[in-house]
1. Please enumerate the residues belonging to segment 607-630 that are among the aliphatic types (A, V, I, L, M) and crowded, with 17+ Cβ neighbours inside 10 Å.
2. I'm checking my understanding of the structure. Among residues of segment 252-267 that are of a type outside the set (A, V, I, L, M) and touching a residue at least 60 places away in the same chain (Cβ under 8 Å), which one is farthest from His664 (Cα to Cα)?
3. Looking for something at pLDDT 85 or above and in contact with a Leu (Cβ under 7 Å, 6 or more places away or on another chain) - is there at least one such residue anywhere in segment 146-154?
4. Could you check segment 150-162 and list, in sequence order, the residues that are of a type in the set (D, E, K, R) and surrounded by fewer than 11 Cβ atoms within 10 Å (Cβ to Cβ)?
5. Criterion first (among the acidic types (Asp, Glu), within 24 Å of the chain's Cα centre (by Cα), buried (at least 20 other Cβ atoms within 10 Å of the Cβ) and at pLDDT below 85) does Asp298 satisfy it?
6. Among the listed residues Ile100, Ile118, identify the single one that is among the β-branched types (Val, Ile, Thr) and surrounded by 11 or more Cβ atoms within 10 Å (Cβ to Cβ).
7. Mind listing whichever residues of segment 322-342 are crowded, with 20+ Cβ neighbours inside 10 Å and over 29 Å from Ile465 (Cβ atoms)?
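The values are calculated or read from the model by the stated rules, or taken from the named source; none is laboratory data. For clarity, every value in this text was computed on a predicted model and none was experimentally measured. Positions of Cβ are generated from backbone atoms using ideal geometry, with glycine treated the same way; all protein chains shown enter the neighbour counts. Heads up: the accessible areas ignore ligands, DNA and RNA and are worked out on the full protein's heavy atoms, side chains in. Shrake-Rupley method; radii C 1.70, N 1.55, O 1.52, S 1.80 Å.
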Amino acid sequence: MRPRTTLGRSAIFTRRLFSLVIRAAAITSMSFAVAFGFLSGTMSQAGHYDPNSFAIGVAAMFGAACGGLGLMISRVRQMKGELRQLEGRLDAAEDRNWEIKEAQERVQNFFEAQGDVIVRRSADGTITFANDAFCALAGRAREELLHTAFTLPVEEQGDTTVLPDGTAVHDQKIAAPGPGDARWIAWREATVRADRGSEMQSVGRDVTDRVLAEQALADARDQAEAANRAKTRFLAMASHEIRTPLNGILGMADLLSDTPLSSEQATYLTAMKTSGGTLMSFIEELLDLAKIESGRLDLAPRPFALAAFVEEAVELLGPRAQARGLEICGYVDERLPARVVGDAARLRQVLFNLVGNAIKFTESGGVSIIIEPGAAANDVVITVRDTGIGIAPEDQARVFLEFEQADVGSTRKFGGIGLGLTISTRIIERMAGSISIESHETEGSSFHVCLPLPRAEDADDTAFIVPDLTGEEVLIVAPAAIEASLLARRLQRWGARTTIVPEGQVAAALLPERIWSAVLIDHALGTAPSAALARLTSTVPRRIVLVTPAMRHELAPLKDGGFTGYLIKPVRATSLAARFSRDDGFESIPAGDPIETARPLPAGSGLSILVAEDNEINALLTRTMLTKLGHRPTMVGTGSAAVECWIAARTAGMPFDRVLMDLHMPGMDGLEAARRIRDIEADITATPTQIIALTANASPEDRDAALAAGMDDFLVKPLDRDQLAAAISGTHRAAVAA
């Protein structure tokens, strides 16, 4: 509250004192006048004085005077009371007025202090209020703006959006006198009440920094996208240029392996092929990463058999693990559906990356792949566990980054470029899944992949007949416990009771303790210990030896040693079930075991084949491969020459059976040459010739372009002899489509 003013109080006191003095002087003068008049009358000689009448008159006058005086005093008191009330009301009004002025100043200061641009306009558009920020933006004084229709110069106008409460929101770029001084203002306009009706209040906030930041971000994004496109083009070009000579290196090495070689030469040749394969995997990983970063990672979910998918992956990776003396095995929980829906090709890529890393970083022990149901419906958890070097806690997040590995530094033992986990993580995230790691140094690592794989509509959970092993005792003798533990886990689910021992001596000590229904002996114990244990268990109905694929040609001594059957490691569930369901003899190959056969000859042996290839080394390689496969190649170096040669052969009545067409050639490329051949065939209604594309570019765009040009198949360099034979025989195309 505002304090009362002392100056006002002293003025009121002065006026009251002056009034009192005047009234006292008037009463005194009147009293003296009456007294002098009375004395004058009594002392006059001419007057007739009646004391009684005079006393009565004086008394009457005195009474009247007293009454009048009393009325005057009462009125004065009443007026004083009213005056005091008026003074109080006046003070209250002054205090209220001061409070209103103070509130107005606070509001004004608030408007000015917040920095927003505020302007009010009447119904006819004239300015009724403008704060300092608006005046500064307009470059004019407030007096020049009030009661005018001034508008800010607008360079750009954004779209207007009306909010549910009626507030209009839009952005404007306001021009400024100096170059580069233009400001972006975000306006909020609403109708407010005023003394003379309604007014439009516009509140603008300077968002120039935000807009400039957004523009800089957009420019940076465009530059990044342009750089990414340039990187993708560079990788595609580099891939093509690297694949072309690599095709010659690996192809010639493959041809050289068919010639007589000394042991030293064979060693060098194997090293050369291994190095070439490593370089090829490096190129594939770079291309996959570029494809993922450019957002071109497309998924093709289809139904597939989950158990067969895992077992095939284990078998493909088995030779690599067994070459390092490692175990590798897989286990698929039988609670999962037999067929699920997902992108099997991409999932196989993830599995190969995880298992390949596990094999690379494991020096002893082995790798296991376990597939189990997840916590949510349709979730599948894939666990890849190894007994390798492990990963320190501070490095576990880093290994998922690009070009990062747990084993770093100049003293690292393991090779690689550190892209496998990055690519796998991106693929899993694209599948709406997740990947995590559990690891301790020197104790191995476990990678867990959880992703949704819904049950296929055509799923048949009776993939194979599960044997009933209730009450049976099974002894497993294996020096390494990885595959043995998974075998025991599966047999236990079928009802058997299992015992795992690592040595033959321990197994021999356990044999008399109970009646065994079956004994599984890992040949990794050694040939002599395995045969000795087979003789000790001659009374056991099933004596099964576990061997690697390389031992297929050494099974006769095992049969003679007393074994009743064998299983190929890694053991398939169907093979294990078949061995325990029936006894078809030692030589019978359990269901599901892969059968090694000789390389089949192509169905189209002796075909006339036109090859369009501009690279001399690749042309020599392709011609040699075709000749070794029993075909008759004709070589040309350009697309136009291929068309002319194809026309000449058809005109002469000896049309080509196949055409191998390189996509990138000088002059007319392979796509245009294929289109011209198809156009000619359409004009003469001839039977289409099978055209197979050859290219060092492995992108889906190149494959789609080749198929759109009328080609029938697509082979990526470096050429594989088996794939080339399959493409010529017509069996490769179905594999590509799948």
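1. Answer for segment 607-630, where residues must be among the aliphatic types (A, V, I, L, M) and crowded, with 17+ Cβ neighbours inside 10 Å: Leu607, Ile609, Leu610, Val611, Ala612, Ala619, Leu621, Met625, Leu626, Leu629.
2. Going through the qualifying residues, I end up with Asp258.
3. Yes.
4. Within segment 150-162, just Asp159 meets the criteria.
5. In short, no.
6. Just one listed residue meets the conditions, Ile118.
7. If the condition is that a residue be crowded, with 20+ Cβ neighbours inside 10 Å and over 29 Å from Ile465 (Cβ atoms), then Leu326 is the only one that fits.
Yes or no, residue by residue, for (1) open to solvent by 80 Å² or more (accessible area, probe 1.4 Å); (2) without any contact (Cβ under 8 Å) to a residue 12 or more places away in the chain; (3) not in a helix (DSSP H, G or I):
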position: Ala213; (1), (2), (3): no, yes, no
position: Ala218; (1), (2), (3): no, yes, no
position: Asp222; (1), (2), (3): no, yes, no
position: Glu225; (1), (2), (3): yes, yes, no
position: Asn228; (1), (2), (3): no, no, no
position: Thr232; (1), (2), (3): no, no, no
position: Asn247; (1), (2), (3): no, no, no
position: Leu250; (1), (2), (3): no, no, no
